[in-house]
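Take a look at the structure set out below.
Read-outs throughout are calculated quantities, based only on the coordinates presented, and are distinct from any laboratory measurement. Predicted model only: the values in this text are computed from it and were never measured. Ideal geometry is used to build each Cβ from the backbone, glycine not excepted, and the neighbour counts take in all protein chains shown.
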Amino acid sequence: MSGVKKLISWKYSFKRLNEEYEISKKRKQALDNLLNTGRISRQTYDLFNSEISEAIAEIEKQHRALLEKMSLKVSELEGQIRTLEMLLANFEIQHVTGEVDEEAYQREIGVLSVGLETARKELGMIKEAMGQISSSLEVSEGNIVQGEGEQPQEAPNVEVEVVEAKTEEPQQTTPTSA
């Protein structure tokens, strides 16, 4: 159950950051519109713009932190997939050579296949989310997010739980005599 909680945690962080980012972008667009239509002065614009820019910069830093954690998880999952594939290949070979009986083979191959499918799906979801984060960061880096003479504000650290795929370890089977 803790693996599910962790999965939900990174997804929640990703979703929350995207929502905050979209809201901040809409605020910036609304503020720009107010200035462009002459409804507010440049001084008022600058005041609100600095607040919005700080919020956007903080969200981007949190996105980068999440991206780093997700990169580590990708490496971990790729290692898990390699291990599961090696175990699967080993059981296939042992089955073909008669070292593993049919019942044990079916059971272990089923467990390994489920583990592989789960790890591959998770890897795909994380890579997709990373692509979304990367593209939103690339777009925003082209925009100025702080006013003239302002220094970027330090963003607080984001706590992100990393997803852990849980698979059952295959039981060692002894060769059966025929």
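Sequentially through the range 92-102, phi angles give Karplus couplings (6.51, -1.76, 1.60; θ = phi - 60°) of 4, 5, 5, 5, 4, 7, x, 6, 10, 6, 4 Hz, Gly and Pro residues having no value and appearing as x. Spin-label pair E22-R64: with each label point 7 Å from Cα along the Cα-Cβ axis, the two points sit 2.5 nm from one another. Residue ranges 37-47, 52-62, 15-25 sort as 52-62, 15-25, 37-47 when ordered by packing (mean number of other C-beta atoms within 10 Å per residue, highest first).
What you get for the range 11-141, charging only the Cβ of Lys and Arg (+1) and of Asp and Glu (-1), is a dipole of about 960 debye around the Cα centre.
How large is the direction-averaged shadow of the alpha-carbon convex hull of the range 11-141, in nm²? Answer in nm², one decimal: 9.7.
3J(HN,Hα) couplings calculated from phi for the range 122-129 with the Karplus curve 6.51 cos²θ - 1.76 cosθ + 1.60 (θ = phi - 60°) are, in sequence order, 4, 4, x, 5, 5, 4, 5, 4 Hz; Gly and Pro show x.
In this structure the amide hydrogen of V100, modeled in the peptide plane, comes within under 5 Å of the amide hydrogens of H95, none closer than 5 places in sequence on its chain.
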